[in-house]
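The values are calculated or read from the model by the stated rules, or taken from the named source; none is laboratory data. Here the structure is a predicted model, which means the values were calculated and not measured. All Cβ positions, even for glycine, are placed from backbone atoms using ideal geometry, and neighbour counts span all protein chains on display.
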Amino acid sequence: MRHVEWSNRFSVGVSELDAQHARIIELLNDMAEAAACPEDGSRLRAVLSGLKAHAAAHFSAEEAVVRQVAPELLAFHQGEHLKFLSRVREFTPALDADDHPPMLPLEMFHFLKSWFEDHILGVDMQYAARLRHGFDGGGGSATGTDSGPAE
Ligand SMILES: [Fe+2]
Ligand SMILES: [Fe+2]
């Protein structure tokens, strides 16, 4: 059973970044399955560590794009990525605790799913909109001067 589906509404218009988002969504589905069998803690930890690695690599690639197309959005966007990574770093020791609450894996999955959906649709879409306006929206200057909308 798939818990999160890739759809066009998640597309930021950069194929490399879309592919990374789609891979993260696949890992979220793996996470949901692993959370449904919490007795297999090693699988859960493996999926979580894959997700962390993919998210960190994706964030770097994405920040490089944001730096180019919408530098004024970078500080906030990077801050959101950092907050996420530090939150997720707390998950591994929490899972390792023998007496962790039985619902913890499922709660982690719900946090990750909501975070990625909200982040892609809210924060990532800001640079996606800038890409569309800057490069194929027509009408505006593409020289990076102050002719674009103010923040
Ligand atoms: Fe992203
Ligand atoms: Fe992002």
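For this structure, a couple of remarks:
- Boolean, residue 13 is at positive phi and of a type outside the set (A, V, I, L, M): yes
- The single condition from (1) within 12 Å of ligand 2 (Cβ to nearest atom); (2) at positive phi that residue 64 fails is (2).
- Filtering the stretch 111-133 to residues that are aliphatic (A, V, I, L, M) and away from ligand 2 (no atom under 13 Å from the Cβ) leaves 112, 129, 131.
- Subset of the stretch 57-73 [within 17 Å of residue 85 (Cβ to Cβ) and either more than 14 Å from ligand 1 (Cβ to nearest atom) or not aromatic (Phe, Trp, Tyr) (or both)]: 57, 58, 60, 61, 62, 63, 64, 66
- Meets criteria (touching a helix residue (DSSP H, G or I) at 6+ places or on another chain (Cβ under 8 Å), among the aliphatic types (A, V, I, L, M) and away from ligand 2 (no atom under 16 Å from the Cβ)) for residue 85: no
- Checked against (1) at pLDDT below 95; (2) exposed (fewer than 14 other Cβ atoms within 10 Å of the Cβ), residue 41 passes all but a single condition, namely (2).
- Out of 23, 2, one residue alone is at pLDDT below 95 and either in contact with a helix residue (DSSP H, G or I) (Cβ under 9 Å, 6 or more places away or on another chain) or not acidic (Asp, Glu) (or both). It is 2.
- Any pair with Cβ under 6 angstrom, 6 or more apart, that starts in the stretch 28-39 at a residue that is over 19 Å from residue 52 (Cα atoms) and ends at one that is at pLDDT below 95 and surrounded by fewer than 16 Cβ atoms within 10 Å (Cβ to Cβ): none
- The stretch 44-60, subset in contact (Cβ under 8 Å) with a residue 60 or more places away in the chain and more than 19 Å from residue 18 (Cβ to Cβ), residue surrounded by the most Cβ atoms within 10 Å (Cβ to Cβ): 44
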